[in-house]
Every structure is written in C-alpha cells, then in structure tokens.
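Following: one structure in structure tokens, then a few remarks.
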Amino acid sequence: MDEVLANNYPKFLDLYEKVFGRRPSEDEYMGGKIYDLPGANDLRKSLHNPGWFADLPVIDNAPKIVAKLYEKHEVFIVSSATEFKHSMFDKMEWLEQHFPFISHKRIVFCGDKSIAHGDYLIDDKPKNLSAFSGEGLLFTAPDNVNLQTDFPRFDNWLQLDDFFFGD
C-alpha cells in the first residue's frame, strides 16, 4: 500500500520540518527515505504510532485505476502491515475510506509478501517483487527512483492503466 496507494512522504516531510525547523529538499531525500537523512533516524519510530497510517494522502489516480482493475480482475491488496502493529487498523480504515469497493476478503495484511501469489504484483520494493511468483511491476517511489532493476517501472497509475488496458 505505502508508496503505491498511499503516500508516506508528505507526512515525513511535515515531521522532519517540525523536528528540524526546515523542510528537506527533494535533492536531499530523493533516492532514499527521509528518516535516512543525517540525524533523522528517530523519525522512523513514528511508523509505530497509532494513527500514522490513518490520514496519508492517496497516490494520484490510484482509486480510479484500481477500481477499473477490480471490475475485470481478481485484485488483492497485500500489505506488510504487521511490521507496525497499529497500522493494520489504520490501513483498514484508510482502505474503506479511499477504496470502498474492495472487499475485506481481498485485503491481506502480512509480514512477508512472499506469501502472495498471482499474475502481477505492483510494489515499490524490488525485494518484494523478487520473491513474487508472477510478474513484478515496480512502482516508482522517491526511495527507489535511482535503483536499476529488471522489473518494468511505472511512474504513476496512468502508466499502469495503459499497461493493463492500453487506453
């Protein structure tokens, strides 16, 4: 979900600015995580806070394209939500708000996405795609923008729409 459906970066940028009194530039964090900036490692602890995942912005066009996929295919949302125990409730509520058409029976919270099997996996982490049995599709996120992989890369949901539907 994170960096494919939901965007964590604006919240981390706000937190960084609150803690350090300035907002980091894209040049500073592009190619990594904001909490990987010098002195900012403690910001990652926020992922364990109740409510962190509850109000993340939706990635542009994701609801529209996922709804289109959902109408024609068996779509599951797979999130490694168990890494952050409070995220499961937040993520379920978030999905109900932004993707109300997705049945609770098609939401999988796990600790390791290698349990997922299917034709395609859209993810921002090559390690998840490498463990997947089907075709992995890399969704561009600020932390993976410089990574070279053999996975087809998609910068946005409109490109995925074109990949699946050729519109």
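The values are calculated or read from the model by the stated rules, or taken from the named source; none is laboratory data. Predicted model, so just to flag it, every value in this text is computed and none were measured. Note that each Cβ is placed from the backbone with ideal geometry, even for glycine, and that neighbours are counted across all protein chains shown. Accessible surface areas use protein heavy atoms only, side chains included; no ligands, DNA or RNA. Shrake-Rupley method; radii C 1.70, N 1.55, O 1.52, S 1.80 Å.
Things to note:
- Test: residue in the stretch 7-16 that is over 27 Å from Leu147 (Cα atoms), without any contact (Cβ under 8 Å) to a residue 60 or more places away in the chain and open to solvent by 20 Å² or more (accessible area, probe 1.4 Å): no
- Residue match in the stretch 36-48 (condition: assigned to a loop (DSSP other than H, G, I, E, B), open to solvent by less than 20 Å² (accessible area, probe 1.4 Å) and modelled with pLDDT under 95): no
- Under the condition of being surrounded by 15 or more Cβ atoms within 10 Å (Cβ to Cβ) and touching an Asp or Glu at 6+ places or on another chain (Cβ under 6 Å), the residues counted in the stretch 102-160 number 7.
- If you check Asp90, Asp60 for being in contact (Cβ under 8 Å) with a residue 40 or more places away in the chain, assigned to a helix (DSSP H, G or I) and either closer than 26 Å to Phe165 by Cβ or open to solvent by less than 20 Å² (accessible area, probe 1.4 Å) (or both), only one passes: Asp90.
- Set Val78, Val66: member being modelled with pLDDT of 95 or more, touching a Cys at 6+ places or on another chain (Cβ under 8 Å), closer than 30 Å to Gly118 by Cα and buried (at least 18 other Cβ atoms within 10 Å of the Cβ): Val78
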